[in-house]
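Notes follow once the structure below has been shown.
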Amino acid sequence: MHTFEFIRPADSAAAIAAAAQSKTAQQGADVRFMGGGTTLIDLMKLNVETPARILDINRLPLNKIEDTPDHGLRIGATVRNSDLAYHPRVQRDYSVLSQAILQGASAQIRNMATVGGNLLQRTRCVYFRDTAMPCNKREPGTGCPAITGHNRTLAILGTSEHCIATNPSDMCIALAALDATVQIQGTKGTRTIAFGDFHLLPGSTPHRETVLEPGDLITHITLPPPSSGSKHLYLKLRDRSSYEFALASAAVVLTISSGKISRARIALGGVGTKPWRSTEAEAALIGKTANDASFRQAAEAALQGARPQSENRFKIELAKRCLTHALRTAAAS
Ligand SMILES: Cc1cc2nc3c(=O)[nH]c(=O)nc-3n(C[C@H](O)[C@H](O)[C@H](O)COP(=O)(O)OP(=O)(O)OC[C@H]3O[C@@H](n4cnc5c(N)ncnc54)[C@H](O)[C@@H]3O)c2cc1C
Ligand code: SF4
């Protein structure tokens, strides 16, 4: 691993000022914040990330989970994934989030991983993690060997001719279904971004994965007040039952009144180049009777734009069945 300077900034202002000296906040950043380090250090060992400076943000006062005045929840960026998953309000009011986190990684990794770091975890595409191979995300303009190579685990929604990498997060799928917002503090002050606008589609610039600019520090995630009487479910399908990323997953938040669906929030994991909120599936469900026919119709709507690669056509049907089963199970709960 290359040499780097390790710094513990005294406060957020110092951290932001130091990070603002980086040329980019995207792939190739020469200054990086560090939360749990479970993505960053991993990629540094592979020389995929080579920052000259690492800013350890764990001493900043960003580790609280607090009620907001409107009964939502404000989650600090350095809150550990485990602490979030087991927080009583998350378990009671936002259980899809708790379920999603607990189906990710391992207990040890969840104990280290932070909320901010989870938002910025990187794709598991094998070519991205291998510096002997070309990769448009790692080195823009070098090509995408996954399109003609190993792409079984890669995306079928939101892809481009330049990159088909999957966003691997479980937590982010639940946050997409919960209408979360991301608070960012940067050199020009603070701003709030709707969760769906935080991650970017690859298009012709797959090395740009988020809206973050140099100096931008994620400080909090905010959840709106819970919708009363809603049913929550996160279903994750994968090659083995632990320590594995999703081939397809679904986060479902449903409100059913007198047998009809009055509100639906749906997001899919394992299939999109970003956490995949499906407004098409939501629209297909509103006003419908909560039964298998409606659930399957919503799944068809969610996957309508899917574009499979040579090895991952199976994901279309898998994702449809995943969403249908998640909706059925949530409705029956
Ligand atoms: C073996 C293994 C299995 C895994 N399995 C799963 C799984 O099944 N599901 C899943 O969802 N995840 C899985 N993960 C990924 C894991 O969830 C992430 O590594 C973790 O969430 C990253 O959090 P961190 O705090 O360690 O991030 P770090 O490594 O500290 O940081 C990641 C990135 O975020 C940036 N960053 C961190 N905090 C901030 C901030 N506040 N503001 C701005 N930038 C910031 C860093 O600069 C870095 O670029 C797995 C990881 C491993 C190693
Ligand atoms: S899919 Fe994206 S990350 Fe994977 S090789 Fe292609 S450009 Fe790189």
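The values are calculated or read from the model by the stated rules, or taken from the named source; none is laboratory data. All values derive from a computational prediction rather than experimental measurement. Please note: Cβ atoms are built from the backbone with ideal geometry, for glycine as well, and neighbour counts cover all protein chains shown. Quick note on the areas: whole protein, heavy atoms, side chains included, nothing else; ligands and nucleic acids left out. Shrake-Rupley method; radii C 1.70, N 1.55, O 1.52, S 1.80 Å.
Restricting attention to the stretch 183-210, and to residues there that are open to solvent by less than 50 Å² (accessible area, probe 1.4 Å), more than 16 Å from ligand 2 (Cβ to nearest atom) and touching a residue at least 24 places away in the same chain (Cβ under 8 Å), which single residue is nearest to Gly158 (Cα to Cα)? So, considering only residues that are open to solvent by less than 50 Å² (accessible area, probe 1.4 Å), more than 16 Å from ligand 2 (Cβ to nearest atom) and touching a residue at least 24 places away in the same chain (Cβ under 8 Å), the one nearest to Gly158 (Cα to Cα) is Gly196. Evaluating Gln121 against the criteria (1) within 16 Å of ligand 2 (Cβ to nearest atom); (2) open to solvent by 50 Å² or more (accessible area, probe 1.4 Å) leaves one unmet condition, (2).
Asn63 meets the conditions (1) within 19 Å of Asp130 (Cα to Cα); (2) touching a residue at least 12 places away in the same chain (Cβ under 8 Å) in every case but one. The failed one is (1).
Residues in the stretch 1-24 that are assigned to a loop (DSSP other than H, G, I, E, B) and either within 16 Å of ligand 2 (Cβ to nearest atom) or open to solvent by 70 Å² or more (accessible area, probe 1.4 Å) (or both): Met1, Thr3, Phe4, Arg8, Ala10, Asp11, Gln21, Lys23. Within the stretch 139-153, being more than 6 Å from ligand 2 (Cβ to nearest atom) and either on the phi < 0 side of the Ramachandran plot or open to solvent by less than 30 Å² (accessible area, probe 1.4 Å) (or both) holds for Glu139, Pro140, Thr142, Gly143, Ile147, Thr148, Gly149, His150, Asn151, Arg152, Thr153.
The sole residue among Thr3, Thr50 that is at pLDDT 95 or above and hydroxyl-bearing (Ser, Thr, Tyr) is Thr50. Exactly one residue among Asp170, Asp179 is modelled with pLDDT of 95 or more, within 18 Å of Leu268 (Cβ to Cβ), of a type in the set (Asp, Glu) and buried (at least 20 other Cβ atoms within 10 Å of the Cβ), and that residue is Asp170.
Scan Thr289, Thr219, Thr279 and give me the residue that is crowded, with 17+ Cβ neighbours inside 10 Å and of a type in the set (Val, Ile, Thr). The unique qualifying residue is Thr219.
Kindly check whether there is at least one residue in the stretch 42-56 that is touching a residue at least 60 places away in the same chain (Cβ under 8 Å), under 20 Å from Val211 (Cα atoms) and either open to solvent by 40 Å² or more (accessible area, probe 1.4 Å) or more than 9 Å from ligand 1 (Cβ to nearest atom) (or both). Looking through the stretch 42-56, none of the residues is touching a residue at least 60 places away in the same chain (Cβ under 8 Å), under 20 Å from Val211 (Cα atoms) and either open to solvent by 40 Å² or more (accessible area, probe 1.4 Å) or more than 9 Å from ligand 1 (Cβ to nearest atom) (or both).
Taking the stretch 91-111, which residues are under 17 Å from the mean Cα position of the chain (by Cα) and either near ligand 1 (Cβ under 9 Å from one of its atoms) or aliphatic (A, V, I, L, M) (or both)? Step through it out loud before you land on a result.
From the stretch 91-111, those under 17 Å from the mean Cα position of the chain (by Cα) are 94-106, 109-110; that's our starting set.
If the condition is that a residue be under 17 Å from the mean Cα position of the chain (by Cα) and either near ligand 1 (Cβ under 9 Å from one of its atoms) or aliphatic (A, V, I, L, M) (or both), then Val96, Leu97, Ala100, Ile101, Leu102, Gln103, Gly104, Ala105, Ser106, Ile109, Arg110 are the ones that fit.
All of Gln108, Gln99 fail the test of being within 26 Å of Arg240 (Cβ to Cβ) and in contact with a strand residue (DSSP E or B) (Cβ under 7 Å, 6 or more places away or on another chain), apart from Gln99. For the stretch 66-83, a residue qualifies if it is without any contact (Cβ under 8 Å) to a residue 40 or more places away in the chain and within 20 Å of Ile184 (Cβ to Cβ), and the qualifying residues are Glu66, Val79.
Contact map, the stretch 286-301: residues that are at positive phi paired with residues that are not in a helix (DSSP H, G or I), Cβ distance under 8 Å, separation 6+ or inter-chain. Pairs shown: Gly287/Lys260; Gly287/Ile261; Gly287/Ser262.
Count of the stretch 124-138 residues, restricted to those that are touching a residue at least 40 places away in the same chain (Cβ under 8 Å) and surrounded by fewer than 16 Cβ atoms within 10 Å (Cβ to Cβ), is 3.
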